[in-house]
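Take a look at the structure set out below.
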Amino acid sequence: MNEVVFPRGTDGRRSSSDLGRAVVADALRVAEPAAADAAAGDRDWRKGYLRHFRALVEAGLDSGYTIAAAGLDSVHRRMVVDRAGEDIPLAAVFDIDAEPPGTVTVTGEEKPERELSVPYKGQILRGDSLSRQLDAWVTTGSMEASCAAMVREVAANPDWLDLTDQRLVVLGAGAEMGPVPATLAWGATVIGIDLPRPALWARVATTARRGAGTLIAPGSSVETAGVDLLTGLPGVARWLLGMPGRLVLGNYVYAPGSAYARLAAAVDALCVHVVAERPGTALAFLATPTDVFAVPGDAVAQSTARYRDRSRTARLTHLVSAERLLTPNYPEGADPGIADSLIPQQGPNYALAKRIQRWRAAVARRAGVPVSFSVAAPSRNRSVTSNRLLAAAYAGAHLFGVEVFEPATSNRLMAALLVHQLRNPRPAAPQAWTDETVGAAHGGLWRTAYQPRSALGLAALRGLPAAVS
């Protein structure tokens, strides 16, 4: 077995906290040595990580690319592969001689859709109804104007939905937020990779048959399809590199707890290897909205105006809580502002895994690799609603100006953004943070009146009845 694992510490343990602390400190060291020392010296990483991940964004306003490169270098330098009890460097896993898996193919039975449609609250939005809803989402602050413009442009160019000139590799084929349902409906060839779980692949295969495209997966049959990327990197890499056509390597993987940080490192190593072996390969990522981002001044202005107009009840709640609840999202006039939507319940491994993806998107785009990157809308997917507090908070979020989308709505919108960015690749901006604001569908977290963590408990309290019903 060749398993991607954390390095051993001086005490012999493999610790996700030690890895996260070291990587964040290494990334900060190139821009803010004092902040790096603070991260390296934080002994309670599970509670302390929030401020250090915010520091990465603050320091990255002027040094985003440098920080991203240093962070990725630290991940690849530190993470290892356990090969029969011996630790070898992460990159060395691709030197292992491994037999590629077989291939199973599922063909769709329908005609390809050639009009962009988005399910939303029991309706199918298309044409004018979609355009009106995009306007509404921008007005309420659920998405940035650039996001609406990109979706609108895809709707106006339905020929873009024909992705037969691409080979879309979906790492995490069963992900609710992934593009598999939409792109198969449009007739794409999707190379799907996910864990070897028969129920998962039965669901994905059913989606493929109801679509118009072709699903290709590792395995000898649908029942035996799948591979664990934590242990199967050498064979998967060889299998992927044997696929014809231009690859678009999409990272939609998720795993609970510390496994997510390991999986993020494994997938990043796979991306680096495939891009090196197959120049012209594109990369695709979805960022979580529950993270820290630098945001433009107009988002700060809308948030600040909403805070000034808050209700009397909100003002009283702020006062009686000793100003801990319903605090303003930004200092007035900040430009850019720091939208800090990290949620402690998701934990430091989740934050690190998602930050690795953001770093790779920035570094790859600057190196000239075609990149699709979008901040995804907060959604009621299984990984969120499995946590009772988060499920309750999402149910009550609308009371604080945040819209939480159904997965079916989110994955159609995100698939449209993927199409737009594949058809309209753009060069890297002078500062990495500005690229992350393009096409963002954050559900209103950037433009709400309140700092999200200061409203989280109240949202959960108000949403609890709906979450448990």
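None of the figures in this text is laboratory data; all of them are computed from the coordinates on show. These numbers were taken from a predicted model, which means no experiment stands behind them. Methodologically, a virtual Cβ is constructed for each residue, glycine included, from the backbone with ideal geometry; neighbour enumeration extends over all protein chains shown.
What to note about this one:
- Largest-first ellipsoid semi-axes for segment 2-98, taking √(5λ) over the Cα gyration tensor eigenvalues, angstrom: 27, 17, 9
- Extension reserve of the ARG46-ARG126 stretch, reckoned as 0.36 nm per residue once the Cα distance is removed: 24.4 nm
- Per-residue Cβ neighbour counts within 10 Å put TRP359, TRP45 in the sequence TRP45, TRP359, beginning with the fewest.
- Neighbourhood net charge (13 Å Cβ-Cβ; Lys/Arg +1, Asp/Glu -1) for GLN123: +2
- Taken as Cα centroids, segment 331-388 and segment 72-148 sit 14 Å apart, rounded to the nearest whole angstrom.
- Kyte-Doolittle mean at least -0.5 and Cα axial length at least 18 Å: DSSP H helices in the chain: 16-29, 45-78, 127-140, 258-277, 407-423, 452-468
- Taking segment 2-98 and dividing mean pair separation by its residue count, relative contact order in percent (alpha carbons under 8 Å, at least six apart): 33 percent
- Segment 170-232 shape via C-alpha gyration tensor axes, a/c threshold 1.5: prolate
- Near-label residues of segment 254-288 by backbone N, under 14 Å of a point 7 Å along Cα→Cβ of ILE88: none
- The chain - mean residue ellipticity at 222 nm from DSSP helices (-39,500 (n - 2.57) per run, n ≥ 4, rounded to 500): -15000 deg cm²/dmol
- Exposure proxy ranking, count of Cβ atoms within 10 Å, fewest first, for VAL253, VAL190, VAL320: VAL320, VAL253, VAL190
- Counting beta carbons within 10 Å around each of LEU168, LEU249 and listing the fewest first gives the order LEU249, LEU168.
- With R₀ fixed at 30 Å, the C-beta to C-beta distance from THR206 to ALA156 puts the FRET efficiency at about 0.40.
- Calculated from the alpha-carbon coordinates, the chain shows an Rg and a Dmax of 21.7, 67 Å respectively.
- Dimensions of segment 310-418 from C-alpha coordinates, computed as largest minus smallest value along each principal axis and given longest first, are 52, 34, 27 Å.
- DSSP loop GluC sites (Glu not before Pro) with at most 13 other Cβ within 10 Å: longest gap in the chain: 116-322
- Segment 420-469-segment 263-302 distance, computed between alpha-carbon centres (Å): 15 Å
- Between SER221 and ARG8, the FRET efficiency from the beta-carbon distance, with R0 = 41 Å, is close to 0.60.
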